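Novice: Structure incoming, see below.
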Amino acid sequence: MLMSLNVVTLVGRAGQDPNVKYFESGDVVCNVTLAVNRPTRNSDTPDWFNLGVTR
């Protein structure tokens with residue numbers, strides 16, 4: 001079975017301070033919102049992404 005990997009690079013502005021949580025198990029979770037500009041003819045409203053990283 002072949003596996004594929006998708007890679008995405010987002011460049012934008014953080015919507016707020018990252019939310020970092022530390023757990024007794026040693027796991028760390030970081031959540032952040034990112035605003036990415038994608039200007040169009042009709043609107044300059046950014047696209048918002050909710051990102052989460054677990055380690």
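Novice: Would you mind telling me the share, in percent, of accessible area of the chain contributed by carbon and sulfur at probe 1.4 angstrom?
Specialist: 53
Novice: A further question on this structure: Between residue 35 and residue 5, what's the calculated FRET efficiency when r is the beta-carbon distance and R0 is 25 Å? Round to 0.05.
Specialist: 0.45
Novice: Can you tell me what percent of all Cα-Cα pairs in the chain are more than 17 Å apart?
Specialist: Counting every Cα pair in the chain, those more than 17 Å apart make up 55 percent.
Novice: Once you charge only the Cβ atoms, +1 for Lys and Arg and -1 for Asp and Glu, what is the size of the charge dipole of the chain about its Cα centre, to the nearest 20 debye?
Specialist: Computed about the Cα centre, the dipole is about 200 debye.
Novice: Which ³J(HN,Hα) values, rounded to whole Hz and listed in residue order, are derived for the range 22-34 from phi using the Karplus coefficients 6.51, -1.76 and 1.60 in 6.51 cos²θ - 1.76 cosθ + 1.60 with θ = phi - 60°, glycine and proline given as x?
Specialist: In residue order, the calculated couplings are 10, 10, 4, 6, x, 6, 10, 10, 10, 10, 8, 9, 10 Hz.
Novice: With every protein chain kept in place and ligands, DNA and RNA left out, what is the accessible area per residue of the chain? Probe 1.4 Å, answer in Å².
Specialist: 98
The values are calculated or read from the model by the stated rules, or taken from the named source; none is laboratory data. Small disclaimer: the values here were computed from a predicted structure and weren't measured. Using ideal geometry, Cβ is built from the backbone for each residue, glycine included, and neighbour counts are taken over all protein chains shown. Each accessible area value is taken on the protein alone, full model and side chains, heavy atoms only, with ligands, DNA and RNA left out. Shrake-Rupley method; radii C 1.70, N 1.55, O 1.52, S 1.80 Å.
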